[in-house]
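Note sheet for the following structure.
Values in this text are rule-based calculations from the coordinates and carry no lab data. Since the structure is predicted, the reported quantities are computational estimates derived from the model, not experimental observations. Positions of Cβ are backbone-derived with ideal geometry, glycine not excepted, and every protein chain shown enters the neighbour counts.
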Ligand code: FE
Ligand code: FE
Ligand code: FE
């Protein structure tokens, strides 16, 4: 018996399950990261994005509804691996400036995975004529991109605390 040929809609549904799992892992990882972060601005950013991520899980359940499918995830090995790396690094570096730097790196790896997945899903939704789904995916994609930028900014602030950063750099140039 020949297997039924897979369609783009199948790919969309499978990838939605993948990112549903990854997003839930991400909520969990961000909670841990917020507890471990030493710098206030970093902890706040993790807390904020944890809230956003819970809302993103909600958006995904709306997209399952649009498809008429149950909101069910499937193991995403990438998200599992990335969150396992964060756990390892937390253990190895503890809290402090280096710990914060490593935490930001792990969090950005997770954001980049999400950006890749949501970007693909948004473009597939558009191709499939699922405009409402595409809009929801775009809202999430923008939050992921903004979080990635904010993480880069916080990393710079931590590396160059007030007084020793920009101003000192300008002074050095004379
Ligand atoms: Fe997310
Ligand atoms: Fe995955
Ligand atoms: Fe995210």
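Only Cα pairs under 8 Å and 6+ residues apart enter the sum, and on that basis the relative contact order of the range 47-172 stands at 23 percent.
Compared with the dominant Cα axis of the chain, that is its longest principal axis, helix 97-127 is turned about 30°.
Straightening the chain between residue 138 and residue 58 buys 27.4 nm, computed as 0.36 nm per residue apart minus the Cα-Cα spacing. The angle separating the long axis of helix 8-36 from the principal Cα axis of greatest extent in the chain is about 30 degrees. The stretch between residue 7 and residue 146, if pulled fully straight at 0.36 nm per residue, gains 46.8 nm over its current Cα-Cα span. With all pairs of separate Cα atoms included, the range 56-95 yields a Kirkwood hydrodynamic radius of 12.4 Å. Here the scattering of the range 10-58 is modelled by Debye summation over its C-alpha atoms, one equal scatterer each and no solvent; at q = 0.19, 0.20, 0.28, 0.30 Å⁻¹ the log10 of I(q)/I(0) is -0.60, -0.64, -0.94, -1.01.
Note on residue 85/residue 123: beta-carbon distance plugged into 1/(1 + (r/R0)^6) with R0 of 45 Å gives a FRET efficiency of 0.95.
Per residue of the chain, the DSSP helices (runs of n ≥ 4 H) give a summed -39500 (n - 2.57) that works out to -28500 deg cm²/dmol at 222 nm. Computed from label points 7 Å out along Cα-Cβ, the spacing between residue 14 and residue 32 is 2.8 nm. The slack in the chain from residue 72 to residue 153, taken as 0.36 nm per residue of separation less the alpha-carbon distance, amounts to 25.7 nm. Evaluated at q = 0.12, 0.19 Å⁻¹, the base-10 log of the normalised Debye intensity for the range 8-167, with identical point scatterers placed on the Cα atoms, takes the values -0.53, -1.10. Angle of helix 131-159 to the longest C-alpha principal axis of the chain, folded into 0 to 90 degrees and rounded to 10: 20°.
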